[in-house]
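One structure below.
The values are calculated or read from the model by the stated rules, or taken from the named source; none is laboratory data. The shown structure was predicted, so the numbers you read here are calculated from the model rather than taken from an experiment. Reconstructed Cβ throughout: ideal geometry from the backbone, glycine too, with neighbour counts over all protein chains shown.
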Ligand SMILES: CC(C)(COP(=O)(O)OP(=O)(O)OC[C@H]1O[C@@H](n2cnc3c(N)ncnc32)[C@H](O)[C@@H]1OP(=O)(O)O)[C@@H](O)C(=O)NCCC(=O)NCCS
């Protein structure tokens, strides 16, 4: 296997690895690839592990695991809440700090119920082996003059990132929005530091329409812009 034919590159401090390499390792079940700054390893049990010195979290995608994408159910509330808590604990992707997130399962269920009851809203989950490992929501605006627009939010469980699930969930939501005559514009906001999310959105045709400069303050002299993106559907 000649790895030079595959795309392996670094964006900031992240390793980007292309789908053919991932597929190769999944098929082969074992292997080792040196990249400039990190390594990619695969073994029969885990499928793939990607590590970059100590800078990036190890990623594992278990072999032969197949994700199922489906509309959310009310009884997904607890697992979705767990993912939300985990991502907020990571403290790098979302506005709220952990102390500001105290949603209960009942509140989460009410939220899901409202989404399911609104023809301009939707939510999908990605499930692997019966467990929800990712979710995406589209919530429309309530005001009449804005009701053709809405915003997306999505989260993938840490160990399942970078394996295509975010993209599949986004594709599913965009396909739904495209065939929904009530929706014309899909919006989102993301931290300017969230390079993986921005790369995903750009790859799906989202365009930056502006940014709120220094919108979030992490510490003295450490600010992040809110990047506003949209896609017409
Ligand atoms: C952002 C997130 C939803 C992306 O989902 P994912 O499953 O990890 O991403 P995917 O594997 O589907 O990759 C989709 C695209 O992202 C980009 N990408 C993936 N991994 C990347 C990395 N390490 N660095 C840069 N770009 C990357 C690529 O463009 C990729 O497309 P490609 O495979 O066709 O090249 C997910 O990582 C996540 O939940 N992160 C934490 C929460 C979060 O940031 N949510 C979004 C807030 S706005």
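Data for the structure
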{"read-out": "Some residue of the stretch 136-153 being closer than 30 Å to residue 77 by Cβ and modelled with pLDDT under 95", "value": "no"}
{"read-out": "Test: residue in the stretch 210-229 that is within 28 Å of residue 73 (Cβ to Cβ) and more than 8 Å from the ligand (Cβ to nearest atom)", "value": "no"}
{"read-out": "Residues of the stretch 86-98 that turn out to be exposed (fewer than 15 other Cβ atoms within 10 Å of the Cβ) and touching a helix residue (DSSP H, G or I) at 6+ places or on another chain (Cβ under 8 Å), as a count", "value": "8"}
{"read-out": "Residue list for the stretch 157-197, restricted to those being more than 8 Å from the ligand (Cβ to nearest atom) and over 18 Å from residue 123 (Cβ atoms)", "value": "159, 181, 184, 185, 192, 193"}
